[in-house]
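The values are calculated or read from the model by the stated rules, or taken from the named source; none is laboratory data. These figures come from a predicted structure and were not determined experimentally. Glycine also receives a Cβ, built like all others from the backbone with ideal geometry; neighbour counts cover every protein chain displayed. Ligands, DNA and RNA are stripped out before the accessible areas are found, and what is left, the full protein with its side chains, is counted by its heavy atoms. Shrake-Rupley method; radii C 1.70, N 1.55, O 1.52, S 1.80 Å.
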Amino acid sequence: MSKKSELRKAIAESEKTLEDLEQKRIRSQSALLYAYINQAPPPEADNEIFNLYTQLIELERKHLNNLKEELDNL
């Protein structure tokens, strides 16, 4: 397989991973928003999950950008 096709495949996989992580973060974000609307303290677990997925999303975005840059430089 050529380098370009490998990179395109890796980009597609990274985009799918990013989409999955964002969906998972939305679940905890909903719980945090619900607590905020009801003026209740948010569950600590949801807060930690939201922060974890946010960090994973940032890392995956950096990885995706690196892959795209590498593809553009070929």
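Bridgeable aspartates and glutamates around Lys62 (alpha carbons under 17 Å apart, same-chain partners fewer than 8 residues away excluded): Glu13, Glu15, Glu19, Asp20, Glu22, Glu70, Asp72. Each Cα pair under 8 Å and six or more residues apart adds its sequence gap; the mean of these over the residue count of the chain is a relative contact order of 47 percent.
Once the 1.4 Å probe is applied to the protein heavy atoms, the chain comes out at 77 Å² accessible per residue. Here the chain exposes an accessible surface that is 51 percent carbon and sulfur, computed with a 1.4 Å probe and the other protein chains kept in place.
Note on the chain: GNM, Cα springs under 10 Å; of Ile57, Ile26, Ile37, the largest mean-square fluctuation is that of Ile37. Over the residues of the chain, the helix contribution to mean residue ellipticity at 222 nm works out to -31500 deg cm²/dmol, using -39500 (n - 2.57) for each DSSP H run of at least 4. On the beta carbon distance between Leu32 and Glu69, with R0 = 35 Å, the FRET formula returns roughly 0.55.
Helix 44-72 axis versus longest C-alpha principal axis of the chain: approximately 20°, rounded to the nearest ten. When the chain is treated as a Gaussian network with alpha carbon springs shorter than 10 Å, the biggest mean-square fluctuation among Glu22, Glu44, Glu58 belongs to Glu44.
The residue among Pro42, Ile57, Leu71 whose Cα reaches farthest toward the positive pole of the charge dipole of the chain, with charges on the beta-carbon of Lys, Arg, Asp and Glu, is Leu71.
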